[in-house]
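*Asks:* One structure, as structure tokens, below. Some questions next.
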Amino acid sequence: MIPRKVYSPEHKAYINSEFWKRVTDIQQLEHLMEPLRKKHILFSYLYPKTKALYNRIPLRKNGENSFGHPLNTILNLLRAGIKDEIVLCSALIHDYVEEQVDIYRDAHQINDKKNEGIRILDEQEKEIFLELEKELNTFCIIKKIDLKNAEKIIATTRLLTRHKRDFYYRSIITIFTHHNTEIKENAILVKLADRLHNILTIGSFNKGERNYQCFKNMFILNSVKRYLKNKHGKMIFADKTLNPLDKLFKKCAKATYNAFIEICYLSTAKGLQEITPVIQLALKKFALETEGMWEVTKLNKKEKHLMCLFQGVIRKYDYKLHHELSKFEKRTKNEIDYCKKYFVEYNFNEEQINAIIDYKDAFGMKEVIAYMLYDKDYSIEGFEYSGLFRKHKNP
């Protein structure tokens, strides 16, 4: 990383609080990796293997080189102050096994929604891991590197690898319930850096997926916040100099907040300029009169004020996360029906009504992110996995 010139205390404050950006130039990214390749022998070994794999993978949805994703993930870790070779290697290959399984699936036209297809892909995943572990161990023996380093890289990568049989939320829960604290925190660091880069490409997702992708980040951020609260208690974020995990949490949260803002802009452009202040004020009423930001998973069916649209917004996307699509669709339909009645005089078309739903979801959830960032006691109650953690609002 090239040190930045600091011009004043005010400029230093800006650098500390700025939103991170992704690097899209693959040559620039590879140049930034050169010091790591020279310094870390395991990283240098895994780098060409990973690059060769990504040369077989199509461009990402936004047209960028796929190899840019693991490199941006590493870059985010470096920005956070991570120097540990185990973490950096794990970031480099965090999708290595999943990508190979996907290539195998596509080449053999395997249906990963059927039990037999899932079984075949699970076996393929095991074989790929065994081969990777064997190669890494052999390299360590030849170079007289402690085999524990290879074990930690493989263990972290296993924890980050989503099995075809698992829903997304299950793969995240597995990280936070892992028995080994070192491996768990390695995986959390990489996952935050990974999701930070993914959310910076929110514009490449279709409009129906944007809020959901941001919600997935919220799910992870909420898990991290609860983890940090349990670990540090009242001393959470107390250090003047943030440690890498705290910094990545905050930078990922800020990027997610910014993505929600982008969704709000895109929705407003559908012709909603006149009504967005009404929606914004309804959220303030919800937050201030009912302490609603502490109750974002609950729903009061008797409420007819516009603020009712913010009730249960987290629960709605939680349904989608848990693949309870009928409940998600029912909740969305109820919101659409409400908006048609509430804004009847505007004669909004279907696209505009859907944009209202997208806007209010994004506007509400960005406030949840802000609370996570700046209220030390705040985390979302009511997620299904929350039984894994202590459930209460701190006094």
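The values are calculated or read from the model by the stated rules, or taken from the named source; none is laboratory data. Note that the structure is predicted; figures quoted are calculated from it, not measured. Cβ atoms come from the backbone with ideal geometry, glycine included; neighbour counts cover every protein chain shown.
*Asks:* Which members of the stretch 173-197 meet the condition of being closer than 23 Å to Leu121 by Cβ and surrounded by fewer than 22 Cβ atoms within 10 Å (Cβ to Cβ)? Before you say what the answer is, go through the steps one by one.
*Replies:* So the first thing to find is which residues in the stretch 173-197 are closer than 23 Å to Leu121 by Cβ, and the list is 173-175, 178, 187, 190-191, 194.
Correct list: Ile173, Thr174, His178.
*Asks:* While we're looking at this one, here's another question. Answer yes or no as to whether Lys216 is basic (Lys, Arg), over 25 Å from Arg158 (Cβ atoms) and in a helix (DSSP H, G or I).
*Replies:* Judged against the criteria, Lys216 is not a match.
*Asks:* Under the condition of being without any contact (Cβ under 8 Å) to a residue 60 or more places away in the chain and among the hydrophobic types (A, V, I, L, M, F, W, C), which residue from the stretch 79-123 is surrounded by the most Cβ atoms within 10 Å (Cβ to Cβ)?
*Replies:* Filtering first and then ranking leaves Leu92.
*Asks:* With the checklist (1) in contact with a helix residue (DSSP H, G or I) (Cβ under 6 Å, 6 or more places away or on another chain); (2) touching a residue at least 12 places away in the same chain (Cβ under 8 Å); (3) basic (Lys, Arg) in hand, flag the one item Lys327 doesn't pass.
*Replies:* (2)
*Asks:* Out of (1) modelled with pLDDT under 95; (2) assigned to a loop (DSSP other than H, G, I, E, B), the odd one out for Arg105 is which?
*Replies:* Result: Arg105 passes all but (2).
*Asks:* For the stretch 1-59, which helices (runs of 4 or more DSSP H) that fit wholly inside it have 3 or more residues that are surrounded by 16 or more Cβ atoms within 10 Å (Cβ to Cβ) and out of contact with any Lys or Arg (no Cβ under 9 Å at 6 or more places or on another chain)?
*Replies:* Ranges flagged: 26-39, 41-54.
A quick yes/no check of all residues on (1) closer than 21 Å to Ser90 by Cα; (2) in contact (Cβ under 8 Å) with a residue 60 or more places away in the chain; (3) assigned by TED's automatic domain parsing to the domain that holds Lys152; (4) not hydroxyl-bearing (Ser, Thr, Tyr):
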| residue | (1), (2), (3), (4) |
| --- | --- |
| Arg4 | no, no, no, yes |
| His31 | yes, no, yes, yes |
| His40 | yes, no, yes, yes |
| Leu59 | no, no, yes, yes |
| Ser66 | yes, no, yes, no |
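*Asks:* Give Glu329, Glu351, Glu367 a once-over and let me know the one that is among the acidic types (Asp, Glu), part of a helix (DSSP H, G or I) and closer than 18 Å to Lys270 by Cβ. Please lay out each step first, then the result.
*Replies:* On the way: Glu329 fails: closer than 18 Å to Lys270 by Cβ; Glu367 fails: closer than 18 Å to Lys270 by Cβ.
Only one candidate passes the filter, namely Glu351.
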